[in-house]
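Every number here is computed from the coordinates shown, using simple stated rules; none is lab data. Since the structure is predicted, the reported quantities are computational estimates derived from the model, not experimental observations. Counting neighbours? That spans all protein chains shown, and the Cβs are built from the backbone with ideal geometry, glycine included.
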Ligand code: NAD
C-alpha cells in the first residue's frame, strides 16, 4: 500500500471500523472511499446522500461480493459503486483443493483422535485424489480454476452450472445437479450469491449424496441451508464439511471472541460438530490476492476521481 501511495502520489488512511449509518466518520478530508467489510452497510437513501454531501463520488469494495452495499440506493444518490471481481481465483481454488484433500484424508477425525491421545488408524482409510470424483457447483472463475487443478491431479471432475462454458469440456464434465450430488465423493461450492443460489443445497440434496461424501463451501454461507446441513452431518447423511463461509458469519468471522464466545447458535453448533472444519472466510487471504485487491480497488478510485470510467463499475 505504501508503494502504491508513493508511486501515485496519494495519501492512504486506514480505519478498522465498519461503515454503517450509525458509524459514519467525517469523510470531508478524503476524496475516495474503499471498504472491505462483509457486514451489510444497510442504510436508507439519506445515508448515501450524506456520503455524497461529504464529497464522495464513489464507494469501492475491495471484495468480489458487493451485497453489503445497497447498490441501487448508492447509485440513485449519485455514487459510483465498484468492486474487485477477480483478484486471484487461485487463492480460493487452492484453499478449496486443500479442504478437498483434508476431507479425503479425514484429518478432522485424526485431529480429534490425536487430541485425545488415540493414535489408531482404524476406520479412517483415505482416498487418493486420482481415484475420486469431485463435483463443482458453479464453475465460474474460481470453480473452473479448481477444476483445472483437480483435472491435473487426475480426479474425475463433474460440474453443474446454469451457464456452462463449452471450452471447459477439456477438464470437466457438465452434469445436472442430481447426478453431480449422487456421483461425487466431494462437492465444492463456487456459485455467486444470487436469488437462484440461495439455499441451493438443502435436505433433499444431502440425502442424494453418498454417506462418505464431503462438502466444501468457500462461496457464500446462504448457498447452503445451514439447519439442513447440520442435520445431515449429525445423522451421517454426509460424512464431513469444510466451511470457509457460513450464514451469519459477519458477527463472528475476523473478530476476537475469546472473551464473549459465539452467540450465533447455528455457528456454535457447527463449531461443536467433530466432522466440521471451520475457517473464518480466509480463502482469499493470500499474498497475491491482497496485493491485487488493494491495487485494483485504488486504480478504480483514481480513475473515477479523474473523471474517467472505472473498469469494475457495477
Ligand atoms: P463467478 O461469477 O465467476 O462464478 C460463479 C458461477 O456460478 C458462474 O459460472 C454462474 O453461472 C454459476 N451459478 C450462479 N448461480 C448458480 C446456480 N444457482 N446454480 C449453478 N450455478 C450457478 O464467481 P467467482 O469469482 O468464481 O466466485 C465464486 C464464489 O466465491 C462467490 O460466491 C464469491 O463470493 C466467493 N468467494 C469467496 C471467497 C472466500 O474468501 N471464501 C473469496 C472470493 C470469492
Report summary line: residue 127 and residue 12 label points (each 7 Å along its Cα→Cβ direction) are spaced in nm at 4.4
Requested in this report: Could you tell me whether segment 173-313 comes out rounded, prolate or oblate from its Cα gyration tensor? Rule is a ≥ b ≥ c as square roots of the eigenvalues, rounded for a/c under 1.5, then prolate if a/b exceeds b/c, otherwise oblate.
Outcome: oblate
Query raised in the report: How much FRET efficiency would the formula 1/(1 + (r/R0)^6) give for residue 263 and residue 290, where r is the Cβ-Cβ distance and R0 is 25 Å, rounded to 0.05?
Result: 0.30
Query raised in the report: For the peptides 12-22, 98-108, 35-45, what is the packing order when you average, over each peptide's residues, the other Cβ atoms within 10 Å and list the highest mean first?
Result: 98-108, 35-45, 12-22
Report task. Quick one: angle between helix 287-305 and the longest Cα principal axis of the chain, in degrees between 0 and 90, rounded to 10, please. Result -> 30
Query raised in the report: Roughly how tilted is helix 89-105, in degrees to the nearest 10 and between 0 and 90, from the longest Cα axis of the chain?
Result: 20
Report summary line: Taking R0 as 41 Å and r as the Cβ-Cβ distance between residue 111 and residue 313, the FRET efficiency 1/(1 + (r/R0)^6), rounded to the nearest 0.05, comes to 0.35
Query raised in the report: What nm value, rounded to one decimal, do you get for the distance between residue 53 and residue 169 when each label is placed 7 Å out toward the C-beta?
Result: 5.9
**Report entry** Three-way shape call for the chain based on the alpha-carbon gyration tensor, with the a/c threshold at 1.5
**Finding:** prolate
Requested in this report: Please give the peptides 283-292, 240-249 ranked by average Cβ packing (other Cβ atoms within 10 Å per residue), highest first, as a rough proxy for protection.
Outcome: 240-249, 283-292
Query raised in the report: Any idea what angle helix 226-235 forms with the longest principal axis of the chain, computed on alpha-carbon atoms, 0 to 90 degrees, nearest 10?
Result: 20
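Stretch residue 196-residue 30 to full length: gain in nm at 0.36 nm per residue minus the Cα-Cα span?
That works out to 55.9 nm of additional length.
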Report summary line: Between residue 305 and residue 254, the FRET efficiency computed from the C-beta separation at R0 = 41 Å comes out, to the nearest 0.05, as 0.90
Query - Gaussian network model of the chain, Cα within-10 Å springs - most flexible of 92, 122, 114 - result: 122
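Order of 146-159, 172-185, 255-268 by packing, highest average Cβ count within 10 Å first? Mind dumping the intermediate values first?
Details: 146-159: 20.2, 172-185: 18.1, 255-268: 11.3.
So the order, starting with the most tightly packed, is 146-159, 172-185, 255-268.
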Report task. Could you tell me the distance between the Cα centroids of segment 106-161 and segment 61-82, to the nearest Å? Result -> 36
Requested in this report: For residue 22 and residue 71, compute 0.36 nm times the residue count separating them, minus their Cα-Cα distance, and round to one decimal in nm.
Outcome: 15.8 nm
Query raised in the report: What is the antiparallel percent of DSSP beta bridges lying wholly in the chain, to the nearest 5?
Result: 5
Report task. With runs of 4+ DSSP H residues as the only contributors, calculate the mean residue ellipticity of the chain at 222 nm using -39,500 (n - 2.57) per run, divided by the residue total and rounded to the nearest 500. Result -> -10500 deg cm²/dmol
